Amino acid sequence: MMRGGGMNNLIKQAQKMQKKMMQAQEELAATEVEGTSGGGMVKIKVNGKKEVTDIVIQPEVVDPEDIEMLQDLILTAMNDAINQMDAITEKKMGPFTKGMNMPGLF
(Lines give C-alpha, C1' and ligand atoms only; values in the text may rest on other atoms or scores of the structure.)
Protein backbone atom coordinates (compact mmCIF):
# COMPACT_ATOMS: atom_id res chain seq x y z
CA MET A 1 0.00 0.00 0.00
CA MET A 2 1.30 3.45 -0.91
CA ARG A 3 1.73 6.17 1.60
CA GLY A 4 0.48 9.70 0.94
CA GLY A 5 3.83 10.97 -0.34
CA GLY A 6 4.15 8.11 -2.83
CA MET A 7 0.67 8.73 -4.18
CA ASN A 8 1.36 12.45 -4.60
CA ASN A 9 4.57 11.65 -6.45
CA LEU A 10 2.72 9.24 -8.73
CA ILE A 11 0.09 11.89 -9.49
CA LYS A 12 2.79 14.47 -10.26
CA GLN A 13 4.53 12.02 -12.61
CA ALA A 14 1.23 11.30 -14.37
CA GLN A 15 0.52 15.03 -14.77
CA LYS A 16 4.02 15.63 -16.12
CA MET A 17 3.62 12.79 -18.64
CA GLN A 18 0.19 14.09 -19.68
CA LYS A 19 1.66 17.57 -20.26
CA LYS A 20 4.48 16.13 -22.39
CA MET A 21 1.99 14.03 -24.36
CA MET A 22 -0.22 17.06 -25.04
CA GLN A 23 2.84 19.03 -26.18
CA ALA A 24 3.83 16.20 -28.52
CA GLN A 25 0.28 16.12 -29.93
CA GLU A 26 0.39 19.89 -30.55
CA GLU A 27 3.76 19.59 -32.29
CA LEU A 28 2.42 16.74 -34.37
CA ALA A 29 -0.67 18.73 -35.40
CA ALA A 30 1.62 21.55 -36.60
CA THR A 31 3.80 19.16 -38.62
CA GLU A 32 3.45 18.97 -42.39
CA VAL A 33 5.09 16.51 -44.78
CA GLU A 34 5.26 16.33 -48.56
CA GLY A 35 4.83 13.09 -50.45
CA THR A 36 6.04 12.95 -54.03
CA SER A 37 5.91 10.68 -57.04
CA GLY A 38 7.09 10.72 -60.63
CA GLY A 39 10.31 12.45 -59.66
CA GLY A 40 8.41 15.36 -58.10
CA MET A 41 5.78 15.60 -60.86
CA VAL A 42 3.07 15.12 -58.23
CA LYS A 43 3.43 16.56 -54.72
CA ILE A 44 0.94 16.17 -51.90
CA LYS A 45 1.21 17.82 -48.49
CA VAL A 46 -0.38 16.22 -45.42
CA ASN A 47 -0.58 17.67 -41.92
CA GLY A 48 -0.35 15.89 -38.57
CA LYS A 49 -4.08 15.19 -38.63
CA LYS A 50 -3.53 13.36 -41.94
CA GLU A 51 -5.48 16.01 -43.80
CA VAL A 52 -4.36 16.87 -47.33
CA THR A 53 -3.37 20.54 -47.33
CA ASP A 54 -1.97 20.93 -50.84
CA ILE A 55 -1.66 19.10 -54.15
CA VAL A 56 0.67 20.19 -56.95
CA ILE A 57 0.54 18.43 -60.32
CA GLN A 58 2.97 19.42 -63.05
CA PRO A 59 1.10 20.05 -66.32
CA GLU A 60 3.25 17.63 -68.32
CA VAL A 61 1.83 14.61 -66.43
CA VAL A 62 -1.75 15.55 -67.30
CA ASP A 63 -2.47 13.38 -70.31
CA PRO A 64 -6.18 12.95 -71.17
CA GLU A 65 -5.23 9.72 -72.96
CA ASP A 66 -3.62 8.26 -69.81
CA ILE A 67 -5.70 9.19 -66.77
CA GLU A 68 -4.63 5.94 -65.04
CA MET A 69 -1.00 7.09 -64.89
CA LEU A 70 -2.02 10.35 -63.23
CA GLN A 71 -4.22 8.47 -60.76
CA ASP A 72 -1.30 6.15 -59.91
CA LEU A 73 1.04 9.12 -59.40
CA ILE A 74 -1.48 10.77 -57.06
CA LEU A 75 -1.97 7.57 -55.07
CA THR A 76 1.77 7.03 -54.77
CA ALA A 77 2.38 10.60 -53.58
CA MET A 78 -0.52 10.36 -51.12
CA ASN A 79 0.74 7.07 -49.67
CA ASP A 80 4.26 8.51 -49.44
CA ALA A 81 2.99 11.48 -47.42
CA ILE A 82 0.83 9.31 -45.14
CA ASN A 83 3.69 6.87 -44.51
CA GLN A 84 5.98 9.76 -43.60
CA MET A 85 3.37 11.16 -41.20
CA ASP A 86 2.82 7.71 -39.66
CA ALA A 87 6.56 7.45 -38.98
CA ILE A 88 6.64 10.90 -37.38
CA THR A 89 3.55 10.09 -35.31
CA GLU A 90 5.11 6.85 -34.07
CA LYS A 91 8.33 8.64 -33.17
CA LYS A 92 6.55 11.44 -31.26
CA MET A 93 3.80 9.40 -29.62
CA GLY A 94 5.60 6.07 -29.23
CA PRO A 95 7.10 6.90 -25.82
CA PHE A 96 3.59 7.55 -24.48
CA THR A 97 1.87 4.55 -26.04
CA LYS A 98 4.47 1.80 -25.50
CA GLY A 99 2.92 -1.04 -23.58
CA MET A 100 -0.60 0.30 -24.13
CA ASN A 101 -2.95 -1.54 -26.41
CA MET A 102 -5.54 1.04 -27.34
CA PRO A 103 -6.62 0.49 -30.96
CA GLY A 104 -7.60 3.67 -32.75
CA LEU A 105 -6.13 5.99 -30.11
CA PHE A 106 -3.42 7.36 -32.44
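Descriptive notes on the structure:
- Fraction of accessible area attributable to carbon and sulfur, region 9-55 (%, probe 1.4 Å): 49 percent
- Projecting the Cα atoms of Ala81, Gln15, Gln71 onto the dipole axis of the chain, where Lys and Arg carry +1 and Asp and Glu carry -1 at the beta carbon, places Gln15 farthest toward the positive end.
- For region 82-94, backbone phi angles converted through the Karplus equation (6.51, -1.76, 1.60; θ = phi - 60°) give residue-by-residue couplings of 5, 4, 4, 5, 4, 5, 5, 4, 4, 5, 6, 9, x Hz, Gly and Pro being listed as x.
- Mean projection of the Cα convex hull over all viewing directions, computed for region 1-51: 5.1 nm².
- Between the amide H of Thr31 and those of Gly48, distances stay under 5 Å, these residues lying 5 or more places away or on another chain, with hydrogens modeled in the peptide plane.
- Reducing region 9-42 and region 56-86 to their Cα centroids gives an inter-centroid distance of 26 Å.
- Restraint check, Lys49/Lys98; Lys20/Lys98; Lys50/Lys91; Lys16/Lys92; Lys43/Lys91; Lys19/Lys92, Cα-Cα greater than 18 Å: Lys49/Lys98; Lys43/Lys91
- Potential lengthening of the chain between Val52 and Gln71 amounts to 5.3 nm, from the contour at 0.36 nm per residue minus the alpha-carbon distance.
- Helix 4-29 and the longest principal axis of the Cα set of the chain meet at an angle near 10°.
- Cα-derived Rg to Rh of region 17-106, Kirkwood definition: 1.12
- Karplus 3J(HN,Hα) series, Hz, for region 66-76 with 6.51 cos²θ - 1.76 cosθ + 1.60 (x for Gly, Pro): 9, 5, 4, 5, 5, 4, 4, 4, 5, 4, 5
- Using θ = phi - 60° in the Karplus curve 6.51 cos²θ - 1.76 cosθ + 1.60, the 3J(HN,Hα) couplings for region 39-47 round to x, x, 5, 10, 10, 10, 9, 10, 9 Hz; x is entered for Gly and Pro.
- Taking amide H atoms as placed 1.01 Å from N in the peptide plane, the amide H of Thr53 lies under 5 Å from those of Lys45, Val46, Asn47, each 5 or more residues away in sequence or on another chain.
- Value of D in µm² per second that Stokes-Einstein yields for region 33-83, Kirkwood Rh from Cα pairs, at 37 °C (0.692 mPa s): 304 µm²/s
- GNM remark for the chain: springs join alpha carbons under 10 Å apart, and the peak mean-square fluctuation among Glu60, Glu51, Glu27 falls on Glu60.
The values are calculated or read from the model by the stated rules, or taken from the named source; none is laboratory data. What you are looking at is a predicted structure, and each value in this text was computed from that prediction instead of being measured. Because the Cβ atoms are built from the backbone with ideal geometry, glycine has one as well, and the counts that use them run over all protein chains shown. Each accessible area value is taken on the protein alone, full model and side chains, heavy atoms only, with ligands, DNA and RNA left out. Shrake-Rupley method; radii C 1.70, N 1.55, O 1.52, S 1.80 Å.
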